[in-house]
1. Just one of the numbered conditions (1) at pLDDT 85 or above; (2) open to solvent by 20 Å² or more (accessible area, probe 1.4 Å) is not true of residue 148; which one?
2. Mind telling me which of the residues 131, 137 ends up being in contact with a Cys (Cβ under 9 Å, 6 or more places away or on another chain) and among the charged types (D, E, K, R)?
3. Test each condition in (1) more than 16 Å from residue 191 (Cα to Cα); (2) modelled with pLDDT of 65 or more for residue 257 and report the one that comes out false.
4. Got at least one residue in region 117-125 being at pLDDT below 90 and under 30 Å from residue 41 (Cβ atoms)?
5. Among (1) surrounded by 17 or more Cβ atoms within 10 Å (Cβ to Cβ); (2) touching a residue at least 60 places away in the same chain (Cβ under 8 Å), there is one condition residue 118 misses while meeting the rest; what is its number?
6. Under 7 Å between Cβ atoms, which residue pairs at least 6 apart in sequence (or on different chains) link something in region 47-74 that is among the hydrophobic types (A, V, I, L, M, F, W, C) with a partner that is open to solvent by 10 Å² or more (accessible area, probe 1.4 Å)?
7. Could you tell me whether residue 90 is under 29 Å from residue 225 (Cβ atoms), free of Cβ contacts under 8 Å to residues at least 40 places away in the same chain and of a type in the set (D, E, K, R)?
8. Could you check residue 130 against (1) closer than 22 Å to residue 47 by Cβ; (2) in contact with a helix residue (DSSP H, G or I) (Cβ under 7 Å, 6 or more places away or on another chain) and say which number it fails?
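The values are calculated or read from the model by the stated rules, or taken from the named source; none is laboratory data. Computed from a prediction, not measured in an experiment: that's the story for all the values here. With ideal geometry, Cβ positions are generated from the backbone for all residues, glycine too; neighbour counts draw on all protein chains shown. The area values use the complete protein model at the heavy-atom level, side chains included, leaving out ligands, DNA and RNA. Shrake-Rupley method; radii C 1.70, N 1.55, O 1.52, S 1.80 Å.
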Amino acid sequence: MPSWLRKGRKSADSARGTVAESRQDVERDFDRACDERDLPAREREALHALVFRGGDRPPDQLRRDLTRVLDDHYEWTCFGAWCDEEPDGDAFHRCWVRRASAFFRKMGLSHDLGEDLTQQFFERLIRMDVRGRFEWRSSFRAYCYAMLQRLAISHFRSAKRREVTGTEIPEAIERVSPEEQHARSEELEQVRSALAELPEIDQRIVAASLLEDLSSAELGERLGMTAEAVRQRLARSRRRLKKALSGGGGRKARGKTS
């Protein structure tokens, strides 16, 4: 966890107190944390829906969701500080430079291009008035990662259009032939199809591992399982994907859930 989020984690830990024995204990801790942050009613209701969604769940899972949501909300407040050019905003900027760099690197983009898209990411946060428009229907971190993904997709589409129209394109793309581009598109579709055949929990693990750069421990905390269980599922999913992409028949994976 980034050091700048420790304050948020401390706030979540202070809300934890003793181990909860019921949903009411977690509800009480949620209310106390919201009171400490002086959250408006609408924001409190939205965060409550994120923590207590999905009907009856064990208190320990609710506790983990409470910690995750409070951490995410603290990240949101640091984003506000960045918008206002306050000191905590510098930490937000450094953290998302690192995350964006790792994300674009996994997308196969060069360092220089990744820097350009990262700058566009921060510009878009301001231009789209995210601070005024964001609603707590999902986590703020997931919202930012979705924005990074849209930037990457937009880049690939623009590069393809430049290739078709014959205008100047970057050297890294210029070396890729139309045949190679077509082959990559087919490979991408095969990957999507293979992912769709995995159990839903394994799809979430694979996606979070690739896109959010989370460790097994962080994934386990989010999903309510041990880090070892996450590693085992991730390794098994990779084997299934490899088998499916090599023509080994990945459709059998759907029926396997454990």
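1. (2)
2. One residue alone meets the criteria, 131.
3. (2)
4. Yes, the conditions are met somewhere in region 117-125.
5. (2)
6. Note: pairs meeting the criteria are 47/136; 50/136; 62/23; 62/52; 66/29; 69/50; 70/11.
7. Considered against the rule, which asks whether it is under 29 Å from residue 225 (Cβ atoms), free of Cβ contacts under 8 Å to residues at least 40 places away in the same chain and of a type in the set (D, E, K, R), residue 90 comes out as no.
8. Only one criterion is unmet by residue 130, namely (2).
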